[in-house]
1. Which pairs turn up if I take residues in region 228-257 that are within 26 Å of residue 49 (Cβ to Cβ) and assigned by TED's automatic domain parsing to the domain that holds residue 185 and look for partners that are assigned to a strand (DSSP E or B) and of a type in the set (D, E, K, R) with beta carbon separation below 9 Å, at least 6 apart in sequence or on another chain?
2. Can you pull out every residue in region 293-324 that is surrounded by 12 or more Cβ atoms within 10 Å (Cβ to Cβ), under 20 Å from residue 368 (Cβ atoms) and out of contact with any Phe, Trp or Tyr (no Cβ under 9 Å at 6 or more places or on another chain)?
3. Restricting to strands (runs of 3 or more DSSP E) lying wholly in region 58-143: which have 3 or more residues that are out of contact with any Pro (no Cβ under 6 Å at 6 or more places or on another chain), of a type outside the set (Gly, Ala, Ser) and in contact (Cβ under 8 Å) with a residue 24 or more places away in the chain?
4. Residue 425: without any contact (Cβ under 8 Å) to a residue 24 or more places away in the chain and either closer than 20 Å to residue 476 by Cβ or part of a loop (DSSP other than H, G, I, E, B) (or both), yes or no?
5. Say we look at region 1-31 and pick out the residues that are at pLDDT below 95 and more than 23 Å from residue 60 (Cβ to Cβ); which of these is surrounded by the fewest Cβ atoms within 10 Å (Cβ to Cβ)?
6. Could you tell me whether region 169-186 includes any residue that is outside any helix (DSSP H, G or I), touching a helix residue (DSSP H, G or I) at 6+ places or on another chain (Cβ under 9 Å) and aromatic (Phe, Trp, Tyr)?
7. Which one of these does residue 86 not meet: (1) farther than 30 Å from residue 18 by Cα; (2) polar (S, T, N, Q); (3) within 18 Å of the chain's Cα centre (by Cα); (4) buried (at least 23 other Cβ atoms within 10 Å of the Cβ)?
8. Test of understanding: among 191, 145, which residue is of a type outside the set (D, E, K, R), in the same structural domain as residue 236 (by TED's automatic domain parsing) and closer than 20 Å to residue 82 by Cβ?
Amino acid sequence: MDHSKAPVLEALQEFRRRGDVVYGPPGHKQGRGADPRVAEVVGLDVFRSDVLLLNGLDDRRESRGILDQAQELMADAVGAEKAFFSTCGSSLSVKTAMLSVAGPGEKLLLSRNAHKSVIAAVVLNGVRPIWVHPKFDGERHLAHPPEPDDVRRRLKEHPDAKGMLLITPTDWGTCADIDGVAQACHAFDVPLIVDEAWGAHLPFHPGLPPWGINHGADLVVTSVHKMGGAIEQSSVFHLQHDRISPEVLAQREDLLGTTSASTLVYATLDGWRRQMVEQGHDLLETALSRARRIRAEIARMPGLRVMDREIVSSGLAAGFDPLKIVIDVRDLGISGMQAAEWLRGEQHVDVGGSDTCRFSASITHADDDDTEQTLLRALRALVEGADRIEPRTQVRLPAPGVLELEQAMLPRDAYFAETEHIAAERAAGRIAAETVTPYPPGVPVIAPGEVITDEVLDYLRSAGDHGALIPDAADPTVRTLRVVARS
């Protein structure tokens, strides 16, 4: 296929050349009605590029097949049989993928270190989750992806399960043995869905972790805005084999997706695919070299520990993404959340995820010598200034296994049950009717239908006191909880 082409971008360019005047949405009419104060901040070209596909970039019948061409090029670029674009982010794409495999009351294997969007999907479609617990790293207080034997064991226990959803890489860059998990699933003739939201760049360089499509996955979901070059909410479904019907996937996406898809997202997805096919290897080679230099410099900074290949050699994970720089700051006497706040406030450096132990900084093809040195200067300043950061209440981290709560009700049944709010001191032993998620990275500690324990409450309340954000709980302070009412 001709990867010098970018059908959506070319159609947008042609739309501008023709000078079409639109009498349908969007109401700003390609910026004619945009408030100049808004255009001054976001740029008038954002509005000029905000054009509908229907009766805009394409005609009423979409006879030019602009989007179809762009999706075919994407599939070819990453080795998939089919690709579908989504403009609602991978949170919705994962829900769609799950709906394409399991329906109400049916079983689906799920990694318990899944993002809150997975729990939301379980609530929405009424699937019966069969949790596959991750491999817990007690020293780092970190969950790595489950192993193939864990998946195989759960499939033997639940031979009527419809498939498996695996998360890899995790928010912290650790990776699963996709080959092994795919073989375990296919031995039971069920599909493997891979939530590879953090892995859109993986197909384009051999020095990166395994790309799901190349290692047996049936359906891979990526968020191109995370490590790629498209704008926020850009997501892609990548499909192969015959275990998941493309027609079913398209219909489920139509059920959940927007009818007002953003061609801004389509255009940046299209352009990013072209860039990666033409230049991706060299761009990512430069990024990998940059990441190696950064890691070597951090290793010389007292009080900072950067996670590296030791997690693979010790058997904790099958791989890791070297472009995700994960830095443990506990030896500085502060938390990752405090470090992130200090770096933003004092150095104007915004990092990625942060928790009680660490924070992350992603290196991508977009970084250059200036951003490399900016990060290193900020980290040196953090080391020098850490003793002046005001102490906070310590987070009481739970022991391994404490986060594996009993599932007493289906998440959907608990979520929609009659509920009551009770003081946290009285919540142990009760069934949760809400999702409680420290954010980021957004992995729920409590899911609807799980039995609350004192240890988990102690962890959540101490994390809240320390400054963790818990945005989805009815009471973000976790002083009260929403639980299933007793009959």
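The values are calculated or read from the model by the stated rules, or taken from the named source; none is laboratory data. Worth saying up front: this structure is predicted, and the values here are computed from it rather than measured. FYI the Cβ positions are ideal-geometry reconstructions off the backbone, even for glycines, and counts take in every protein chain you see.
1. From region 228-257, the pairs are 237/82; 238/82.
2. Correct list: 293, 294, 295, 297, 298, 322, 323.
3. Where strands (runs of 3 or more DSSP E) fall fully within region 58-143 and carry at least 3 residues being out of contact with any Pro (no Cβ under 6 Å at 6 or more places or on another chain), of a type outside the set (Gly, Ala, Ser) and in contact (Cβ under 8 Å) with a residue 24 or more places away in the chain, they are 107-111, 128-132.
4. Details: without any contact (Cβ under 8 Å) to a residue 24 or more places away in the chain: yes; either closer than 20 Å to residue 476 by Cβ or part of a loop (DSSP other than H, G, I, E, B) (or both): yes.
Answer is yes for this residue.
5. 1
6. No, that holds for no residue.
7. For residue 86, the failing item is (1).
8. Working: 145 fails: closer than 20 Å to residue 82 by Cβ.
Going through 191, 145 in turn, just one is of a type outside the set (D, E, K, R), in the same structural domain as residue 236 (by TED's automatic domain parsing) and closer than 20 Å to residue 82 by Cβ: 191.
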